[in-house]
Amino acid sequence: MKKLYLLLLAAAITAPCMSGAEPTDTVKVINNPSKVTITKGDGKVKLKVDGSKDDKDYQYEYKVSADADNRLYAHESESGHMKFRYPFSRYDSTYKVPHWEVFTSDLMFGWGRHSVADADRDCVKKSMSEIGILNLVALARVFNQGRSRVSLGVGFNWHRYGLEKPYFWSRSEDGVLGYNKLDEQHDKHHTTLLVRSMQFPLMFNQSLGKNWNVAVGAVMNWNFFADYKNSYRTGKSDFSETTRGLNQRKISFDGIAMLSWHGLGAYFRYAPQSVMKTGWGPEIKNRWTLGIVLRGFPHHRRH
């Protein structure tokens with residue numbers, strides 16, 4: 001059969017020895033179970049499921065027993081391997097009770113713009129790009145019958161900033177980030193400033209119907225590393241330079257919002273703070289990004 005409805009079979013089977021038994025009710029819905037075993041003995045009834053449509057290693061167990069006063073006790077357990085199933089792709093009505101869930105989510109690709117101080121407007125590109133994963137791993141509390149979740153996670157992000165031709169990044173002896181202008185004829189000009197961050201998002205996700213989801217939250221970034229790379233060709237000579245140890249802002253905070261359908265969505269991110277510490281480079285701030293996001297999959301959930 002396509003679906004297995006695990007009713008309170010234990011209550012029905014043990015009804016002759018239990019007075020005042022409760023009416024049966026649906027406990028769990030499992031799609032296409034591989035094997036179902038019901039055992040009875042020692043005043044207990046146990047229902048066990050091995051394998052399901054989404055996970056061949058899935059196991060579910062439901063046990064019912066009665067004490068000396070014919071009071072009914074039930075115990076439920078569930079386990080399975082990591083499943084590549086989007087937790088944000090569809091509302092799952094089988095989540096009857098609040099539970100904890102560990103998951104990976106939100107692979108992001110974005111493009112945006114930022115503001116630059118007057119003295120740098122003709123040199124620093126107004127556009128930027130980013131790539132990252134918001135939740136490399138996250139812990140969520142799922143409630144409201146699976147419709148809502150609050151999560152705290154950790155992820156990584158990479159931001160790229162460029163310069164207009166013919167400028168390239170430079171650093172003074174004091175360590176201040178700046179730029180110089182190439183005076184000679186050159187081609188294959190490429191220059192980029194890359195900031196790497198660990199990000200710690202606190203998010204609220206809400207299902208909107210069966211397939212739509214919206215998420216809002218705040219992100220704390222630890223910008224642990226920054227470097228720039230310049231490369232260009234003059235005549236037949238190629239030049240390349242990479243410099244590390246810049247004075248980027250170590251801690252910054254962003255706001256983020258997402259809207260997704262079937263696990264694929266769009267996001268908007270706003271970062272008001274400057275990329276570099278005050279006085280240590282161009283004043284690049286008020287960054288906003290629009291991009292696409294691929295939501296995630298759960299590792300397991302715990303009731």
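The numbers here are math on the coordinates, done by the rules we state, and not lab data. In this text the structure is predicted, and so the values were computed from the model without any measurement. A quick note on method: Cβ atoms are made from the backbone with ideal geometry, for glycine too, and the neighbour counts reach across all protein chains shown.
At-a-glance table
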| read-out | value |
| --- | --- |
| Mean Cα-pair separation over length for region 176-303, i.e. relative contact order, pairs under 8 Å, 6 or more apart, % | 22 percent |
| Cα centre as origin, Lys/Arg/Asp/Glu Cβ charges: region 99-302 dipole, Debye | 840 debye |
| Region 99-302, Rg to Rh (Cα coordinates; Rh as Kirkwood inverse mean 1/r) | 1.07 |
| Farthest toward positive dipole pole in region 180-248 [+1 Lys/Arg, -1 Asp/Glu at C-beta], among S207, T192, Q248 | S207 |
| Förster-model FRET efficiency, 45 Å R0, K181 and L202, C-beta, rounded to 0.05 | 0.55 |
| Förster-model FRET efficiency, 30 Å R0, H189 and F225, C-beta, rounded to 0.05 | 0.75 |
| K236 versus Q273: modelled label distance in nm, points set 7 Å from Cα along the beta carbon direction | 5.1 nm |
| Inverse of mean 1/r across different Cα pairs in region 175-234, Kirkwood, Å | 15.9 Å |
| Residue-span extension gain [S172 to R121] - 0.36 nm each, minus C-alpha spacing | 16.4 nm |
| Estimated FRET transfer efficiency (S129, K63; beta-carbon r; R0 45 Å; 0.05) | 0.25 |
| For region 188-275, Kirkwood radius (reciprocal of mean inverse C-alpha pair distance, Å) | 15.9 Å |
| With 5 Å bins from 0: P(r) over region 103-190, alpha-carbon pairs, percent | 3, 11, 14, 14, 14, 11, 9, 8, 6, 5, 3, 1, 0, 0 |
